[in-house]
Structures are given as C-alpha cells and as structure tokens.
1. Going by the conditions given, is Ile5 open to solvent by 70 Å² or more (accessible area, probe 1.4 Å) and of a type outside the set (Gly, Ala, Ser)?
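The values are calculated or read from the model by the stated rules, or taken from the named source; none is laboratory data. For clarity, every value in this text was computed on a predicted model and none was experimentally measured. Cβ atoms come from the backbone with ideal geometry, glycine included; neighbour counts cover every protein chain shown. With ligands, DNA and RNA removed, areas are computed over all heavy atoms of the protein, side chains included. Shrake-Rupley method; radii C 1.70, N 1.55, O 1.52, S 1.80 Å.
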Amino acid sequence: TIGGIEIRPGDLVFAEFDGVLIVPAADAERVLLKAEEIVAAEELVRADMRAGVSPLDGLDKHGYI
C-alpha cells in the first residue's frame, strides 16, 4: 500500500518526477485501448495543425489536443 492505494502483483505502475499512476491489472487492457485512441487523435490534430488548422479547431474536430 502506498498513499492509501493498494498495489497488487500484475498492476501497472507508471512513474515520473511529478507523480505515479497505478493501473489495476483488471483495467490494463481498457486503459491501453483508451490511451491508443487518444494518441491517434493527437496525431490527427498535429497533422491538421501542419495543414494550418488551429489547435482549438483540432480539439473540436478530434476531441483531444
């Protein structure tokens, strides 16, 4: 247990200097699929921005920046 959060074998732990994220093993696939969806949308926004679309319009169009 760290900071009141129980960590179990198989859980995913992501850490950097400003925080730690624990993903329970049971949720790992769902979290990965959502992360891939977000990364794909961010790539579309970057492509739109290279074509002259504003970041705000990209957010409106794709849901992420």
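1. Spelling it out, Ile5 is indeed open to solvent by 70 Å² or more (accessible area, probe 1.4 Å) and of a type outside the set (Gly, Ala, Ser).
One line per residue, one yes/no per condition, for (1) open to solvent by 60 Å² or more (accessible area, probe 1.4 Å); (2) in contact (Cβ under 8 Å) with a residue 12 or more places away in the chain; (3) in a loop (DSSP other than H, G, I, E, B):
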{"residue": "Gly10", "(1), (2), (3)": "no, yes, yes"}
{"residue": "Ala26", "(1), (2), (3)": "yes, no, no"}
{"residue": "Leu32", "(1), (2), (3)": "yes, no, no"}
{"residue": "Glu37", "(1), (2), (3)": "yes, no, no"}
{"residue": "Ala40", "(1), (2), (3)": "no, no, no"}
{"residue": "Val45", "(1), (2), (3)": "no, yes, no"}
{"residue": "Gly58", "(1), (2), (3)": "no, yes, no"}
